[in-house]
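> Before anything else, here's the structure in question.
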Amino acid sequence: MTIEKVELFLCRLPLVHFFETSFGRQYERTFVLVRVVGDGHEGWGEAVAEANPYYSSETTDTVWHIVTGFIAPLVVGQSFAHPREVFPALRRIRGHNMAKAGVEMAIWDLFARREGRPLSALLGGTRARIASGVSIGIQDSFDQLLEKVEKERAAGYQRIKIKIKPGWDIEAVERIRARFGDIPLQVDANAAYTLNDAALLARLDPFQLLLIEQPLDYDDVMDHAELQRRIATPVCLDESIHTVRVARDAIDAKACRIINIKPGRVGGHQASIELHDLCAAHGIPVWHGGMLESGIGRAHNIHLASLPNFSLPGDIAASKRYYQQDLIEPAIDIAPDGTIAVPEGPGIGVTIVRDRVDQATIRHVSL
Ligand code: NPQ
Ligand code: MG
């Protein structure tokens, strides 16, 4: 199929509650939506970079620059027999995985819509519902944290993840265990520690956490291997796994026992499938991460998380946890058992509400 047009929408949506990680507190979400057109159909994707370079070196401005200047010229007017060909076609461009993923995923949606099949079927998904967990940010007090855990447990979420940083770690976990007992619980440091903190992190061992996510620096695989030798909690890598090759090295080095997959971080669905398959071949369980996506990115994530090796609950929650009004209909919601249905319609299987997209848009370009 020939890609006739790529459109970008720079969007901003207020968050229902602020979200605080070890790198800061955020009150709104800025992101870039991608619309592609071909063969009388459209497809939508979401580039998950933020306005700032704190989670990742990419930003909404770098996404704009790379898509308009380098990706769109390699895609518009080009013919692809299958969306798996898109990521390799962008090989000349180093890095910028979130920009690549925004476009690549829109093209997957376009292909699936044209075939009249749900995206999950094209990706190799094997389940009709995915297990949903929540990511709870750093709060102003431990009491507020416990209140949040209580609320999310009541909503049915299958596991709780809390953000940690120095000064908000052991005691936070201790209090959750004291109040809620043996619930499925994991922590995410977003690279807030160094190997010098190994003894401190070993104090989490008695709490039987499912995993500790990205405790050390974003580009540091070998220190994670050393840390994993010193602590019992399974290390899970997020930020560090930006290519399938780095994942192979991290697995070989025993730097992690679990991997978090975010398609934006690795360049889209095709790279995610390859990462998923690599992990399955090595007995590494994976789970789907989250980037506070709008319904468009969120729907993509649900389809990807239907693949078989996504064996732990993902950071894919209901739209209403983040946004008062999502950009899609119907909004993503969870069942009382803490699962989310994989949409069954063509493509990502949700309807994009154009006037809400336009309302949220602060910049637009058609390429
Ligand atoms: C993570 N996400 O797993 C990321 C971090 C992240 C759901 O924990 C705005 C504000 C955008 C904070 C994107 C979750 C963000 C953000 C990602 C945090 O590490
Ligand atoms: Mg993380």
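The values are calculated or read from the model by the stated rules, or taken from the named source; none is laboratory data. Keep in mind that this is a model prediction, so the values were computed, not measured. Please note: Cβ atoms are built from the backbone with ideal geometry, for glycine as well, and neighbour counts cover all protein chains shown. In case anyone asks, the SASA skips ligands and DNA or RNA and just uses the protein heavy atoms, side chains included. Shrake-Rupley method; radii C 1.70, N 1.55, O 1.52, S 1.80 Å.
> Where a Cα-Cα gap under 14 Å defines reach, which aspartates and glutamates qualify for Lys151, not counting those fewer than 8 residues away within the same chain?
Asp143
> Roughly what % of DSSP beta bridges within the range 119-246 run antiparallel, to the nearest 5?
10 percent
> Applying 1/(1 + (r/R0)^6) with R0 = 30 Å to the Cβ-Cβ distance of Ala121 and Val16, what FRET efficiency is obtained, to the nearest 0.05?
Approximately 0.40, to the nearest 0.05.
> What lysines could a cross-link reach from Lys5, if we take a straight Cα to Cα line under 24 Å and drop same-chain neighbours fewer than 8 places away?
By straight Cα distance, Lys5 reaches Lys100.
> Rolling a 1.4 angstrom probe over the protein heavy atoms, how many square angstrom per residue are accessible across the chain?
About 39 Å² of surface per residue is accessible.
> Tell me the label-point distance for the pair Val353, Ala341, using the 7 Å Cα-to-Cβ offset, in nm and rounded to one decimal.
Using points 7 Å along Cα→Cβ, the separation is 1.9 nm.
> Further question on the same structure: In Å, what is the Rg of the alpha-carbon atoms in the range 256-367, and how long is Dmax?
Looking at the range 256-367, its Cα Rg and Dmax stand at 15.1, 46 Å.
> Please report, as a whole percent, how much of the solvent-accessible surface of the range 111-231 comes from carbon and sulfur atoms (probe radius 1.4 Å).
46 percent
> Out of all DSSP beta bridges in the chain, what portion is antiparallel? Express it as a percent rounded to 5.
The antiparallel proportion sits near 60 percent.
> Compute the Kirkwood hydrodynamic radius of the range 194-339, taking the inverse of the mean of 1/r over all pairs of distinct Cα atoms, and give it in Å to one decimal.
The Cα-based Kirkwood calculation yields 16.1 Å.
> Find how much the distance from Asn196 to Lys151 grows on full extension, using 0.36 nm per residue of separation minus their present alpha carbon separation; answer in nm with one decimal. Write down the numbers at each step before the final one.
Values: separation 45, 0.36 × 45 = 16.20 nm, distance 3.52 nm.
Gain on stretching Asn196 to Lys151: 12.7 nm.
> Might you work out the accessible area of Thr126 for me, using a 1.4 Å probe with all protein chains in place, and round it to the nearest 10 Å²?
Roll a 1.4 Å probe over it and Thr126 shows about 100 Å².
> To continue, here is another question. What number, rounded to the nearest 500 deg cm²/dmol, is the helix-based mean residue ellipticity at 222 nm of the chain, given -39500 (n - 2.57) per DSSP H run of at least four residues and division by all its residues?
-9000 deg cm²/dmol
> Which of the lysines could a cross-linker span from Lys254 if the Cα-Cα distance has to be under 24 Å and same-chain partners fewer than 8 positions apart are dropped?
Filter leaves Lys161, Lys163, Lys165, Lys262.
> Only loop residues by DSSP count here, and only those with at most 12 other Cβ atoms within 10 Å; note down the trypsin sites (Lys or Arg not before Pro) in the range 50-126 that meet that.
Arg91, Arg92, Arg94
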